[in-house]
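The values are calculated or read from the model by the stated rules, or taken from the named source; none is laboratory data. Note that the structure is predicted; figures quoted are calculated from it, not measured. Cβ coordinates were reconstructed from backbone atoms using ideal geometry, including for glycine residues, and neighbour counts include every protein chain displayed. Each accessible area value is taken on the protein alone, full model and side chains, heavy atoms only, with ligands, DNA and RNA left out. Shrake-Rupley method; radii C 1.70, N 1.55, O 1.52, S 1.80 Å.
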Amino acid sequence: MNQLKKAAVAAAVLVAQGAMAQTCNVAGGGLAYPVTATVDQQDNYHGTVIADPYRWLEDANSAQTRDWVVAQNKLTQSYLSQIPAREAIKERLTRLWNFERFSVPFKEGGRYFYSRNDGLQNQSVLYTMKTLADVPRLLLDPNTLAADGTVALAGLAVSPDGKYLAYSTAASGSDWNEIKVRDIDSGKDVEDHIKWVKFSRTAWLSDGSGFFYSRYDEPKEATKLADVNYFQKLYFHKLGTPQSADVLVYDRPDHKDWGFGGEVTEDGRYLIINASQGTENKNRVFYKDLSKKDSKVVGLLEEFDAAYDFIGNDGPVFLFRTERNAPRGRIVSIDTRKPGVLNWKQIVPESSNTMVSASLVNNQLLVDYLSDAHSLVKVYDLKGKALHDVELPGLGTAGGFSGKRGDTETFYSYTSFTTPSTIYRYDLKTNKSSVYRQPKVDFDPTAFETRQEFYTSRDGTKVPMFIVSKKGLKLDGSNPTYLYGYGGFNISLTPAFSVANLAWLEMGGVYVVANLRGGGEYGESWHAAGTKLQKQNVFDDFIGAAEWLIQHKVTSPAKLSIGGGSNGGLLVGATMTQRPDLFAAALPQVGVLDMLRFHKFTIGWAWTSDYGSSDNPDEFKALLKYSPLHNLKKGACYPATMITTADHDDRVVPAHSFKFAATAQADQAPGGAPILIRIESKAGHGAGKPTTKQIEEVADRWGFLARALHMEGGEVQAAGSNAAGAGASAASQR
């Protein structure tokens, strides 16, 4: 059969399968949704009038919105409670989740620090010890900060002398942080208390007398989870003084959209100030000489022309990983006494792999690369000579490799889809890795396999994806499949272990991760190809993955589901409205779903670097074409959909999900699949979510898919039998 005929046959099969999936006579469909009032709200965008009948749902504090949330959650929980498989899934998840997991240790001030979760603790606990042979001492247990586990440790920094821990906490998943300081020897907090911190790191002076941090002005209490965040400022806090006495180090009142992060060089001489503009993968760099009293902030890299990541310094000579003239990254040195571009020295050149990060340990450069979306770590001397690779256990994801310039050891984690996160100690004198922490999980990793495939997107671009399944997968189109993606903000999706996904695999599901444009897997050009006027490439890549899976009989439209969170929630929303025929179920999580108004809330304005803005006429046209909220159509047949959000999400405000759910429920064809929304309380965008809430949410997710993909027969029961006989294995959860 010639190629044209083969293509025609394949297309016909896709159309036929899609038509079957689009039939709206769905068992369990036709739910009685809560009545959602409409208002006569219209907005004029450059001559185009757009209705926004559910605008009132943007006010999360109104009694009307609160009543709507209660009614929607009642319907969703009623539906989920009738799925027989859900309890079995929850029980299995609880058993899987109950294992020790550890963070990568780091050393500061003569002490080691790491976190540990004994299994089902809501939050991981911070420990310290002076040598690796010591019995660890509990330093900070976030589980004691709130009875329900909804206060999480959001960040920490140890003073160089090892005396103090500055730690930030986040309540109920909000991005707002508070910083407190703990005396490490006594284990007790001192009086210092910093508020209204957001998107900040903490950087101590070398003598431990105080630290730098970033904050916003105090917001209005009633609207602090929705108001726009502008005018971030960099402050210095002297230990033992009130926040009101903190010194403003740097701000730019002429640029309300600039954000600032400070770090102090290892030698204590310089404060490095990174200036960002939204989420764009470009930054400016300033510095301040801390050895000179009242020294001025000096501009070093004063154009938003590329990404510059500070690595370390030799006095006034700074090392940076940069993407300037190198979309996949390189390392350069810049002498601050003659900083002109013509004086830069290239240390490590750009390669075919994507340079993710670099650290300076043992007077060597440890450089972490991505090679087709999996880790590759190389060691160079300070002149850029390649010395050797760090031997990794397989095709997975490695992270860590931090330390001081004089250290001869570092630590890193390694994980894959079926290898839980194991912590390794790496000896830089011998180039040898040894297992430091290897948790055990109740499953058999030999029962599963991972393969990487490359498929062709709509415009001919080759895109990779990982396919994870039980061994011996039958390619007959009958496999329930969960296709996951993100595709934005230069973020790469790499192999990672998850007990949530393991439960899905045990149920007989196939887990697929597509490495879409917009991510960082192949450098800045890959990222840029999925932004602004080219954002449709991301959705085409995701659709291409679905079509490949169907064409190669991994699954079929009646067995295929899609999921993603945040920008990935946008991905799911756009894809299900463009190609509802391809999928039986969709799970948009905390998604950006109203592309015309996202920039009007909290930090949403920062995403215009990836999305563009409806304030721009050309970008408005592009946004309107794919905005999930605005592309729902009355009477269409959408896949079974469970939208998830949370009441304290001040990253992507819940109004996105509220309005999308109300519209989709109103537009779904009679007798169509269920359109539900699950609204978590005392939770945010996802960070710091307690273990109990995570288990509940995942059980609901897989239970919903079990019903939508008709898995309530053999697959879910098989998960229970697998659990009974599974052996223990080294593993960890991400």
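With distances taken between every two different alpha-carbon atoms, the chain has a Kirkwood hydrodynamic radius of 27.0 Å.
Rank these residues by their accessible area, most exposed first, probe 1.4 Å: Glu266, Glu680, Glu547.
If we order Glu266, Glu680, Glu547 from most to least accessible, we get Glu266, Glu547, Glu680.
Hey, which of these cross-link pairs are over 22 Å Cα-Cα: Lys345/Lys378; Lys292/Lys345; Lys378/Lys404; Lys180/Lys600; Lys559/Lys634; Lys163/Lys188? Correct reply: Lys292/Lys345; Lys180/Lys600; Lys559/Lys634. For region 210-346, the gyration tensor built on C-alpha atoms gives an oblate shape. Its axis ratio a/c (a ≥ b ≥ c) is at least 1.5, and a/b is not larger than b/c.
Counting only protein heavy atoms and using a 1.4 Å probe, the accessible area of Leu475 comes to about 90 Å². Simple point charges give the picture: +1 on the Cβ of Lys and Arg, -1 on the Cβ of Asp and Glu, and for region 567-622 a dipole about the Cα centre of about 120 debye. Calculated mean residue ellipticity at 222 nm for the chain: -6500 deg cm²/dmol, from DSSP H runs with n ≥ 4 weighted as -39500 (n - 2.57), summed, divided by the residue count and rounded to 500. I need the shape label for region 345-430. Rule: rounded when a/c is under 1.5, else prolate if a/b > b/c, else oblate, with a, b, c from the alpha carbon gyration tensor. It comes out oblate by the Cα gyration axes. Helix 3-22 and the long axis of the chain differ in direction by around 80°, with both axes built from C-alpha atoms. Using only Cα atoms, find the angle between the long axis of helix 536-551 and the longest principal axis of the chain, and express it within 0 to 90 degrees, rounded to the nearest 10. On a 0 to 90 degree scale, this one is about 50. Protein heavy-atom accessible surface, 1.4 Å probe, per residue over the chain: 40 Å². The smallest convex shape that holds all Cα atoms of region 465-559, its convex hull, gives 96 Å³ per residue.
Its alpha carbons give region 598-646 an Rg and a Dmax of 13.5, 35 Å. Could you tell me how many degrees, from 0 to 90 and to the nearest 10, lie between the Cα long axis of helix 655-667 and the main elongation axis, the longest principal axis, of the Cα atoms of the chain? Between helix and principal axis, roughly 10 degrees.
Evaluate the Kirkwood expression for the hydrodynamic radius of region 531-658, namely the inverse of the mean inverse distance over all pairs of different C-alpha atoms, and round to one decimal in Å.
In region 531-658 this quantity evaluates to 14.9 Å.
The stretch between Ser81 and Lys429, if pulled fully straight at 0.36 nm per residue, gains 119.6 nm over its current Cα-Cα span.
If you sort Trp504, Trp56 by accessible surface, 1.4 Å probe, largest first, the order is Trp56, Trp504. Atom-type composition of the exposed protein surface of region 399-444 places 43 percent of the accessible area on carbon and sulfur (1.4 angstrom probe).
Net charge of the neighbourhood of Gly110, taken over other residues with C-beta under 9 Å away and scored Lys/Arg +1, Asp/Glu -1, is +1. Set the Cα radius of gyration of region 419-522 against 2.2 N^0.38 Å, with N its number of residues, and you get 1.30. Assuming charge only on the beta carbon of Lys and Arg (+1) and of Asp and Glu (-1), the dipole of region 585-680 about its Cα centre is about 320 debye to the nearest 20. For region 64-209, the calculated P(r) over all alpha carbon pairs, in 10 Å bins from 0 to the bin holding the longest distance, is 10, 30, 30, 16, 11, 4, 0 percent.
Look at where the Cα atoms of region 627-683 and of region 108-162 average out, and the two centres are 38 Å apart.
Reported to the nearest whole Å, the Cα centre-to-centre distance from region 521-566 to region 189-253 is 40.
In terms of accessible area, using a 1.4 Å probe and ignoring ligands and nucleic acids, His630, His552, His710 rank largest first as His710, His552, His630.
Take the alpha carbon gyration tensor of region 153-276, find the square roots of its eigenvalues, order them as a ≥ b ≥ c, and report rounded if a/c is under 1.5; if not, report prolate when a/b exceeds b/c, else oblate.
Working: a/c = 2.01, a/b = 1.28, b/c = 1.57.
Note, shape of region 153-276 comes out oblate.
Note that region 292-386 carries a Kirkwood radius of 14.1 Å, evaluated over its alpha carbons pair by pair.
Averaged over all directions, how much area does the convex hull of the C-alpha atoms of region 595-710 cover when projected, in nm²?
Projected over every direction and averaged, the Cα hull of region 595-710 covers 8.2 nm².
Report, in debye and to the nearest 20, how large the dipole of the chain comes out about its Cα centre when Lys and Arg carry +1 and Asp and Glu carry -1 on their Cβ.
1000 debye
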